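Structure, as structure tokens:
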Amino acid sequence: MPVLESDHRRIDYLDEGSGPTVLLIHSASSSNRQWRALIDRLAPRYRVLAINLFGYGQTTPWPDGQPQTIHDHAELVFALMDELPGMVHLVGHSLGGVVAMEVARLRTDRVASLALYEPNPFHLLQHHGDPSGFQCMVEMMDEVEGLYRQGRPEQAARHFIVFWSSEASWNALPEERRARFAATIEASVHEGRALQNNTSQLGDYAGLRLPCLLMYARDTLPALYAVQQVLVQACPHWQVQSLDEGGHMAPLTRADQVNAQLEAFLEARQFPQLS
């Protein structure tokens with residue numbers, strides 16, 4: 001994978017295909033590998049880049065003990081975008097969706113469109129929707145960080161994965177996948193706190209006037225469903241696509257279904273008559 005050196009940081013990314021530029025931003029406790037099927041689908045017609053955020057792949061880890069913000073992640077994307085010509089279509093999942101929204105609102109002159117699967121700005125639930133959803137997310141992060149600080153990274157990773165999917169999903173993972181999640185759980189701790197302390201306002205997101213697709217599953221976690229409904233209510237100008245089932249991890253577990261919707265959205269941006 002190419003590696004960009006920027007401000008004493010390494011940023012690694014995938015870069016395949018040619019055509020209009022699409023930049024993919026992964027979810028927490030994942031990496032740019034989560035986009036492999038989408039990259040293969042889009043690369044014949046698009047230049048597709050998939051960034052690794054702090055602590056994934058060869059991207060520089062976030063320094064432990066230093067507070068992390070969503071803007072810090074956005075700066076990684078800015079650095080990569082500054083190497084690219086023209087407008088960029090952003091695609092983000094969960095944490096990656098929040099980072100994509102931050103990039104879009106601060107670089108409106110460079111972002112052509114925004115496609116999001118269950119972005120997770122759960123800080124909004126403190127003042128919009130059900131505050132208990134915010135508390136649920138904070139309690140999960142408290143448990144994960146506590147286990148990590150106790151030197152129990154695999155138990156921390158297990159708690160994180162079970163929260164987002166199921167105990168059966170964790171039990172089904174091969175040992176090497178469990179070890180991989182444990183190795184990146186520190187990054188997930190920082191990411192969770194960055195989401196918790198996000199300072200972007202609902203009006204900042206509602207003010208995004210570029211083409212935007214918001215996707216979510218109706219059987220997702222209650223807190224995540226509440227976040228999506230806050231965004232739907234505040235952003236009636238966004239295109240919304242809901243899945244009957246699939247949950248928060250549908251971009252991985254139901255990649256064909258999700259990727260078909262993402263591809264159709266991008267195609268409509270290139271050929272507006274298809275909208």
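So if I place +1 on the C-beta of Lys and Arg and -1 on the C-beta of Asp and Glu, and nothing else carries charge, what would the dipole magnitude of the chain be about its Cα centre? I want it in debye, nearest 20.
380 debye
Which of Glu263, Glu167 comes first, and how do the rest follow, when ranked by fewest Cβ neighbours within 10 Å?
Glu167, Glu263
Once the mean 1/r over all distinct Cα pairs of the range 1-67 is inverted, what Kirkwood radius in angstroms do you read off?
Numbers: mean 1/r = 0.0800 Å⁻¹.
Here the Kirkwood hydrodynamic radius works out to 12.5 Å.
For Cα pairs less than 8 Å apart in space and 6+ apart in sequence, what is the mean separation divided by the residue count of the chain, i.e. the relative contact order in percent? Don't skip to the answer; put the middle values down first.
Values: 490 pairs, mean separation 49.9, N = 275.
Dividing the mean separation by the residue count of the chain yields 18 percent.
Among Gly133, Ser166, Pro119, whose Cα sits farthest toward the positive end of the charge dipole of the chain (+1 at Cβ of Lys/Arg, -1 at Cβ of Asp/Glu, about the Cα centre)?
Most positive-ward Cα: Pro119.
Calculate the FRET efficiency for Asn197 and Glu139 from the Cβ-Cβ distance with a Förster distance of 22 Å, rounded to the nearest 0.05.
That gives a FRET efficiency of 0.90.
Go through [x] 1.05; [y] 0.93; [z] 0.96 and flag the label whose value is the computed Rg/Rh (Cα atoms, Kirkwood Rh) for this structure.
[y]
Answer rounded, prolate or oblate for the range 1-122, using the Cα gyration tensor with square roots of eigenvalues a ≥ b ≥ c: rounded when a/c is under 1.5, else prolate when a/b is larger than b/c, else oblate.
rounded
With a/c under 1.5 counting as rounded, go ahead and sort the range 70-177 into rounded, prolate or oblate using the C-alpha gyration tensor (a ≥ b ≥ c being the square roots of the eigenvalues; past the cut-off, prolate if a/b is larger than b/c, else oblate).
It is prolate, given that a/c is not under 1.5 and a/b is the larger ratio.
If amide H atoms are built 1.01 Å from N in the plane of the peptide, which residues on other chains or at least 5 residues away come under 5 Å of the amide H of Ser29?
It is Ser188, by chain and number.
Can you put Trp35, Trp238 in order, fewest other beta carbons within 10 Å first?
Ordered by Cβ neighbours within 10 Å, fewest first: Trp238, Trp35.
Classify the range 173-251: rounded, prolate or oblate, from the alpha-carbon gyration tensor (a ≥ b ≥ c, eigenvalue square roots; a/c under 1.5 rounded; otherwise prolate if a/b is larger than b/c)? Provide the component values of the computation, followed by the final result.
Working: a/c = 2.64, a/b = 1.54, b/c = 1.71.
Judged from the Cα gyration tensor, the range 173-251 comes out oblate (a/c at least 1.5, b/c at or above a/b).
Label points 7 Å out from Cα along the Cβ direction at Ala37 and Glu175: separation in nm?
Between Ala37 and Glu175, the simple spin-label model gives 2.8 nm.
Within the chain, which DSSP H helices have Cα atoms that stretch 20 Å or more along the helix axis and a mean Kyte-Doolittle hydropathy of at least -0.5?
On the way: long enough: 131-149 (27 Å, -0.17); 255-270 (22 Å, -0.45).
TM-like helix candidates: 131-149, 255-270.
Just to verify a number: FRET efficiency for Thr108 and Gln257, C-beta to C-beta distance, R0 = 22 Å, to 0.05?
0.15
With n ≥ 4 as the cut-off for DSSP H runs, can you work out [θ] at 222 nm for the chain, using -39500 (n - 2.57) per run divided by the number of residues, rounded to the nearest 500? Present the calculation step by step, with values, prior to reporting the outcome.
Numbers: 12 runs with 127 residues, N = 275.
Value at 222 nm, helices only, nearest 500: -14000 deg cm²/dmol.
Readers should treat all values here as calculations from the given coordinates under stated rules, not as data from a laboratory. All of these numbers come straight from a predicted model, not from anything done at the bench. Counting neighbours? That spans all protein chains shown, and the Cβs are built from the backbone with ideal geometry, glycine included.
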